[in-house]
Amino acid sequence: MPRMKFYFTLIIVLLGINESAFAQYNIAYAGKVDYADTIQLSGCWGYTADDGKEYALVGTTHGTSIVDVSNPLLPEELFFVPGSLSTWREVKTWNKHAYVTTEGGGGLMIIDLQNLPDAIDTISYHGTVDHPFKTAHTLIFDEFGFGYLFGFNILTGANEGAYIIDVNVDPKHPEFVAEFTDVYVHDGFVRDNQLWAAAIYEGGVYVYDVTNKNDFTLLGVQPTSASATHNCWLSDDGNYLFTTDEIWTGFITSFDVSDVTDIKTLDQIKHGAADSTVAHNTYYLNGYLVTAHYAEGVTIHDAQRPGNLIEVGHYDTSPFGPEVLLEGAWGVYPYFPSGTIIISDIGEGLIVLQPTYTEAAFLEGTVKDEVSFGNIIHAQIEISGTPVVDSTDILGVFETGYHEAGIYDITISKSGCVTKTITDVALINGEVTNLDITLDCGTLSIGELPENKINCYYLPDNGIIYVQNQSDLSNHVNGRLINSEGKIIQEISLAQSATLQLDANALPKGLYYFEFYTAETTFTKKLMLY
């Protein structure tokens with residue numbers, strides 16, 4: 001069961017540069033391009049020419065801006081390609097050409113970048129007579145030169161999946177290949193003839209075999225943390241998928257997708273509180289996730305251990321606080337050979353940054369009862385002097401860490417248990433420090449938990465588990481019986497003043513947990529079947 005991890009930083013106003021910079025570490029400000037007050041930014045991408053010069057391709061409400069960022073300290077806009085008015089404009093590149101989509105109409109804008117920095121050439125693609133192309137929300141190209149234009153032709157009343165083109169023969173004149181309309185695709189990633197489709201309205205990632213472009217084969221479906229799947233990206237080895245949910249309750253989530261028929265959720269993390277801030281677009285680079293995080297700017301997470309994502313870099317580009325959810329950093333591009341990162345901030349302009357990719361110092365271990373050695377669920381782990389707070393999962397396991405190495409005190413606490421602090425624990429960048437801890441939690445094996453008035457006990461004489469709701473927390477209390485391996489055995493809903501009997505005679509003897517939850521709280525009860 002993945003833990004939800006959050007990270008907080010204080011806002012710091014840095015002096016000595018012309019622009020106001022906000023909370024930051026391991027990412028430094030380099031330069032900026034301002035745009036007119038009437039122009040807002042949306043997506044961005046990058047292009048590196050044969051001579052090594054680097055260019056930002058920036059979507060705006062009025063068109064596409066092409067900026068030379070070869071000198072990150074002095075970015076310079078070279079060209080502006082006007083386009084239809086739209087809040088959404090996304091850019092990707094293939095074979096020295098930029099392809100620009102928008103929901104404002106006008107087809108697909110194609111920009112020839114071969115003669116930069118001196119000149120560009122543009123042409124619009126409108127599809128075929130039988131398969132016209134007018135708009136798309138986002139796009140991507142695979143390694144074989146096929147373009148997938150997602151959420152296409154919404155101006156015609158459609159709300160479609162992917163319009164597929166082939167740009168191998170002539171990048172200025174795409175060939176229509178196919179239309180996919182089974183599900184609306186908001187954004188996606190394609191590699192090795194597999195499409196990982198972020199289906200925002202369906203709330204998950206749909207995985208398709210697209211070898212036959214006219215007959216996609218569905219391989220698997222994986223819901224995401226808040227059912228608002230915005231974008232997704234694969235690790236280089238293809239074993240892990242990373243997603244964002246475009247909603248304040250969403251997370252950056254990691255999945256083990258080595259078997260698409262059995263996808264496993266590994267971890268969830270975000271910069272900010274559980275019910276605020278929105279991670280928008282995340283990209284994988286050499287074991288790291290670089291994410292545009294709206295009002296929280298850009299974050300870098302060490303993803304080398306996908307089950308334990310740790311934030312190791314942050315730069316806040318936006319003057320807005322987290323309560324202004326959908327302002328700030330829209331797009332990010334981290335793939336320049338120089339390491340330069342560009343951010344398209346909706347209201348602040350194009351911001352050029354220079355990151356330092358730092359490996360996390362990992363802290364992992366277990367928390368168990370010192371008498372029964374049973375797993376302790378929801379124990380809180382704090383690293384002293386840092387904002388890091390984590391909790392144990394159903395197996396009593398915690399996985400956390402920090403971006404900065406050092407000697408720290410680790411405090412472990414749990415309601416009903418004696419708090420313990422382990423002093424002088426060394427955390428080392430790029431290494432895992434293991435810490436297995438026991439807590440004195442008294443006797444919790446049977447009987448009533450007085451603080452919440454949920455009576456839950458087992459009678460070996462008849463093999464029955466009794467659950468009584470005497471709580472005033474809610475009219476109903478939901479619960480689930482879980483074995484020591486974390487598998488849910490049964491879920492229940494218990495009305496106030498009700499008693500439920502569960503026949504446990506067929507269950508293997510041993511340690512179990514009853515996890516109860518309401519809208520207000522969550523608490524856990526141990527049960528020993530014997």
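The values are calculated or read from the model by the stated rules, or taken from the named source; none is laboratory data. If you're wondering where the values come from, they're calculated on a predicted model, not measured in any experiment. Note that we place each Cβ from the backbone using ideal geometry, even for glycine, and neighbour counts take in every protein chain shown. Quick note on the areas: whole protein, heavy atoms, side chains included, nothing else; ligands and nucleic acids left out. Shrake-Rupley method; radii C 1.70, N 1.55, O 1.52, S 1.80 Å.
Here are some notes:
- Residue in the range 27-41 that is closer than 16 Å to residue 109 by Cβ, part of a strand (DSSP E or B) and either open to solvent by 10 Å² or more (accessible area, probe 1.4 Å) or modelled with pLDDT of 95 or more (or both) present: no
- Reported count of residues in the range 371-384, each being outside any strand (DSSP E or B) and under 28 Å from the mean Cα position of the chain (by Cα), is 5.
- Strands (runs of 3 or more DSSP E) fully within the range 71-161 counting 1 or more residues that are in contact (Cβ under 8 Å) with a residue 40 or more places away in the chain, on the phi < 0 side of the Ramachandran plot and of a type in the set (S, T, N, Q): 89-94, 97-102, 121-125, 138-141
- Pairs, first over 13 Å from residue 270 (Cα atoms) and at pLDDT 95 or above in the range 300-317, second among the small types (Gly, Ala, Ser) and part of a strand (DSSP E or B), C-beta under 6 Å, six or more apart: 306/254
- Residue satisfying all of: in the range 324-345; out of contact with any Phe, Trp or Tyr (no Cβ under 7 Å at 6 or more places or on another chain) and closer than 16 Å to residue 247 by Cβ; modelled with the lowest pLDDT among these: 324
- Here residue 176 meets the list (1) over 24 Å from residue 42 (Cβ atoms); (2) in a strand (DSSP E or B); (3) under 28 Å from the mean Cα position of the chain (by Cα); (4) not polar (S, T, N, Q) almost entirely, failing just condition (3).
- Conditions (1) open to solvent by 60 Å² or more (accessible area, probe 1.4 Å); (2) out of contact with any strand residue (DSSP E or B) (no Cβ under 9 Å at 6 or more places or on another chain); (3) modelled with pLDDT under 75: number failed by residue 474: (1)
- Single residue of 285, 309, 353 found to be open to solvent by less than 10 Å² (accessible area, probe 1.4 Å) and under 21 Å from residue 48 (Cα atoms): 353
- In the set (1) farther than 18 Å from residue 374 by Cα; (2) modelled with pLDDT of 80 or more, the condition left unmet by residue 513 is number (1).
- Residue check, residue 314 surrounded by 24 or more Cβ atoms within 10 Å (Cβ to Cβ) and over 30 Å from residue 481 (Cα atoms): no
- Residues satisfying the stated conditions in the range 34-68, i.e. over 18 Å from residue 112 (Cα atoms) and not hydroxyl-bearing (Ser, Thr, Tyr): 34, 36, 37, 39, 40, 41, 43, 62
- Within the range 355-370, one or more residues are within 20 Å of the chain's Cα centre (by Cα), assigned to a loop (DSSP other than H, G, I, E, B) and of a type in the set (D, E, K, R).
- Only residues that are more than 20 Å from the chain's Cα centre (by Cα) and crowded, with 22+ Cβ neighbours inside 10 Å were counted across the range 179-200, and they come to 1.
- Any chance residue 327 is of a type outside the set (Ser, Thr, Tyr), surrounded by fewer than 23 Cβ atoms within 10 Å (Cβ to Cβ) and closer than 29 Å to residue 393 by Cα: no
- Within the range 94-113, tally of residues that are in contact with a Leu (Cβ under 9 Å, 6 or more places away or on another chain), at pLDDT 95 or above and surrounded by fewer than 18 Cβ atoms within 10 Å (Cβ to Cβ): 1
- Meets criteria (touching a residue at least 60 places away in the same chain (Cβ under 8 Å) and closer than 27 Å to residue 34 by Cα) for residue 325: yes
- The strands (runs of 3 or more DSSP E) found wholly in the range 203-257 and carrying at least 2 residues that are open to solvent by 20 Å² or more (accessible area, probe 1.4 Å) occupy 204-209, 217-223.
- Yes/no for residue 398 being part of a loop (DSSP other than H, G, I, E, B) and within 25 Å of residue 245 (Cβ to Cβ): no
- Any hit, the range 269-287, residues being touching a Lys or Arg at 6+ places or on another chain (Cβ under 7 Å) and within 24 Å of residue 394 (Cα to Cα): yes
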